[in-house]
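A short write-up of the structure that comes next.
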Amino acid sequence: MRRRRALGLGVAAVLSVGLGCRHASAPGPWREEAGYRWRDLAVRQRGGPGFTELPASRTGIRFVNTVTLDSALLNRHLAQGGGVALGDVDGDGLPDVYLTSDEGSNALYKNLGDWRFEDITARAGVAMTGRHSMGAVFADVDGDGDLDLLVSTLGGGVALLMNDGHGVFTERTAEAGLASRSGSMTMTLTDVDGDGRLDLYVANYKTRSAMDVYPPQERAFNQVVRQVGKRFEVVPRFRKDYRVVDRPEYGMVSMQQRADPDGFYLNDGRGHFTLVPWTSGRFRDENGKPLAAAPEYFGLSAKFTDVDGDGAPDLYVCDDFEDPDMFWLNDGKGTFRAAPRLALRNTSNSSMAVDFSDIDRDGNVDIVLVDMLGRGPRRKTEVPTHTPLPKLIGVIDDRPHGSATPCSRTAATARSPRSRDTPGSRRRIGRGMPCSWTWISTATRTS
């Protein structure tokens, strides 16, 4: 395969897709409701795709997220791709588009209507040049009625840019309590405790992989791990990058990379956030005991939704490699307890993204996970990112990563956490659907 000097990443492809329906009947009139409006769409019953690709010459969106090969070789995490956020930043009723760049400058496009956009990055003050931006979200974090902007960065945590109500932003990261050196990927916000304020969860990865810091011969197992009596430990030089996991039930010891712990922040309602320690009691294990240490997992994506129907937003976190996904149930007061081991029987290996929907219309929330299972034979036969472990006789709550394929299937077996563990309470969300290397998912009705 030829090496190219620059790596064009996924955002450029996303921008080339528009939502224009071809040969469809005109939509019906708008119907005004309290706080929103809606109208019927006439959906064709047969024919080709209902989407029309809109070129940059038509939309005015010419953004391309490019990472040089040299940069990607120095830090492979720069090749993770960028993010996109949609929101009405200036109150004109049209959703504007914000796009992030791993190596260059981010861009904000004002929606002019009729699928035409204007680049207003400079006057909005949101370029964030060279900040290695990975994801973005618009949210009103200070309750003043306009959309502020949060941007996750590699090595700079989450940046907060406050909106003046007219689409001009001023960075307030340090004042907001969000200053960090974490390798942040994505964010999710909701009111976790019912106080009317948007709280923040940040899925953190790692600024730079240890595989890019140390040459192979230096990070070999016998160089990183040493035996002290009957136990194993990481030598001091590598303790910030590696941990050792003793699995006596398998008769093995594994060496795993440490990642930046995720961040959970409570909002005071004025756009100031307080980082909640993992060991404060806000997060508890399956038995209700406070966590003794922060999970150091490679977080890629997280999302809040009410899974068990009690009115409180629960939390699912997708973790990369052999790190287990985290599924947290909210008690309604902002304290999270790990879902019972039998509530989720297996998860995807290298989970990339998660979304929720009632797939089979039975009134229960289902979970959709996407990962790296390829359509062709190449990825299915590659070396897996996890250590294959044998199935232990009599152990039913080990929650294995996927199946026998190198990358797990795109769906997981799940049941409602409030259900009894009976054969009828467990169901298959869907068969594994190989869709190549998938980074984001949205469950929505399209017909």
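What are the residues in segment 325-360 that are on the phi > 0 side of the Ramachandran plot and within 14 Å of the chain's Cα centre (by Cα), if any?
Ser350
Here is a yes/no grid of residues against (1) in a loop (DSSP other than H, G, I, E, B); (2) touching a residue at least 12 places away in the same chain (Cβ under 8 Å):
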| site | (1), (2) |
| --- | --- |
| Leu329 | no, yes |
| Arg337 | no, yes |
| Asn349 | yes, yes |
| Asp362 | yes, no |
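Condition (residue is within 22 Å of the chain's Cα centre (by Cα), open to solvent by 70 Å² or more (accessible area, probe 1.4 Å) and over 25 Å from Asn163 (Cα atoms)) applied to segment 66-75: is it met by at least one residue?
no
Just to be sure before I move on: is Asp323 buried (at least 17 other Cβ atoms within 10 Å of the Cβ), in a loop (DSSP other than H, G, I, E, B) and touching a Gly at 6+ places or on another chain (Cβ under 7 Å) in the structure I sent?
It is false that Asp323 is buried (at least 17 other Cβ atoms within 10 Å of the Cβ), in a loop (DSSP other than H, G, I, E, B) and touching a Gly at 6+ places or on another chain (Cβ under 7 Å).
Residues checked against (1) in contact (Cβ under 8 Å) with a residue 40 or more places away in the chain; (2) of a type in the set (Val, Ile, Thr); (3) part of a strand (DSSP E or B); (4) open to solvent by 70 Å² or more (accessible area, probe 1.4 Å):
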site: Leu160; (1), (2), (3), (4): yes, no, yes, no
site: Met187; (1), (2), (3), (4): yes, no, yes, no
site: Val202; (1), (2), (3), (4): yes, yes, yes, no
site: Pro215; (1), (2), (3), (4): no, no, no, no
site: Asn222; (1), (2), (3), (4): no, no, no, yes
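Which of (1) assigned to a strand (DSSP E or B); (2) of a type in the set (A, V, I, L, M, F, W, C); (3) farther than 30 Å from Ser71 by Cβ; (4) within 26 Å of the chain's Cα centre (by Cα) is the odd one out, the single condition Leu112 does not satisfy?
For Leu112, the failing item is (4).
Ser182 is checked against (1) buried (at least 19 other Cβ atoms within 10 Å of the Cβ); (2) farther than 21 Å from Cys318 by Cβ and fails just one. What number does that condition carry?
(2)
Scan segment 262-279 and tell me whether some residue there is under 30 Å from Ile393 (Cα atoms), among the hydrophobic types (A, V, I, L, M, F, W, C) and over 19 Å from the mean Cα position of the chain (by Cα). If you could, list the steps in order and put the result at the bottom.
Kept after step one, since they are under 30 Å from Ile393 (Cα atoms), are these residues of segment 262-279: none.
No: zero hits.
Suppose the filter is open to solvent by 20 Å² or more (accessible area, probe 1.4 Å), touching a Gly at 6+ places or on another chain (Cβ under 6 Å) and touching a residue at least 40 places away in the same chain (Cβ under 8 Å); does Arg116 pass it?
On the way: open to solvent by 20 Å² or more (accessible area, probe 1.4 Å): yes; touching a Gly at 6+ places or on another chain (Cβ under 6 Å): yes; touching a residue at least 40 places away in the same chain (Cβ under 8 Å): yes.
So Arg116 fits the description; yes.
As an exercise: evaluate Ala302 against (1) assigned to a loop (DSSP other than H, G, I, E, B); (2) surrounded by 24 or more Cβ atoms within 10 Å (Cβ to Cβ); (3) of a type outside the set (Asp, Glu) and give the number of the one condition it does not meet.
(1)
All but one of (1) under 23 Å from Tyr205 (Cα atoms); (2) open to solvent by 10 Å² or more (accessible area, probe 1.4 Å); (3) part of a loop (DSSP other than H, G, I, E, B) hold for Gly145, so report the exception by its number.
(1)
Can you tell me which of (1) open to solvent by less than 20 Å² (accessible area, probe 1.4 Å); (2) under 18 Å from Asp325 (Cβ atoms) is the one Pro261 doesn't meet?
Here Pro261 clears every test but (1).
Among the residues of segment 358-394, how many are open to solvent by 30 Å² or more (accessible area, probe 1.4 Å) and modelled with pLDDT under 80?
Our first condition is that a residue be open to solvent by 30 Å² or more (accessible area, probe 1.4 Å); within segment 358-394, this holds for 358-365, 368, 375-394.
Subset that is modelled with pLDDT under 80: 375-391.
Matching residues across segment 358-394 total 17.
Got a number for residues in segment 224-237 being outside any loop (DSSP other than H, G, I, E, B), out of contact with any Phe, Trp or Tyr (no Cβ under 8 Å at 6 or more places or on another chain) and either on the phi > 0 side of the Ramachandran plot or open to solvent by less than 90 Å² (accessible area, probe 1.4 Å) (or both)? Write out each step before concluding.
Taking segment 224-237 first, the residues outside any loop (DSSP other than H, G, I, E, B) are 224-228, 231-234, 236-237.
This time we only want the ones that are out of contact with any Phe, Trp or Tyr (no Cβ under 8 Å at 6 or more places or on another chain), so: 227-228, 231-233, 236-237.
Still in the list and also either on the phi > 0 side of the Ramachandran plot or open to solvent by less than 90 Å² (accessible area, probe 1.4 Å) (or both): 228, 232-233, 236.
Selection size over segment 224-237: 4.
Return the only residue of Ser357, Ser351 being of a type in the set (S, T, N, Q) and under 26 Å from Gly263 (Cβ atoms).
Ser351
Can you name the residue in segment 44-99 that is aromatic (Phe, Trp, Tyr) and part of a loop (DSSP other than H, G, I, E, B) and is also farthest from Asp114 (Cα to Cα) among such residues?
Restricting attention to segment 44-99, the residues satisfying the condition of being aromatic (Phe, Trp, Tyr) are 51, 63, 98.
So of that shortlist, the ones also part of a loop (DSSP other than H, G, I, E, B) come out as 51, 63.
Values: Phe51: 15, Phe63: 19 Å.
Looking at the filtered set, the residue picked out is Phe63.
The values are calculated or read from the model by the stated rules, or taken from the named source; none is laboratory data. Only a predicted model underlies this, so the values are computations on that prediction, with no experimental measurement involved. For neighbour counting, all protein chains shown are included, and Cβ atoms are generated from backbone atoms with ideal geometry for every residue, glycine included. Just the protein is used for accessible areas: all its heavy atoms, side chains included, with ligands, DNA and RNA removed. Shrake-Rupley method; radii C 1.70, N 1.55, O 1.52, S 1.80 Å.
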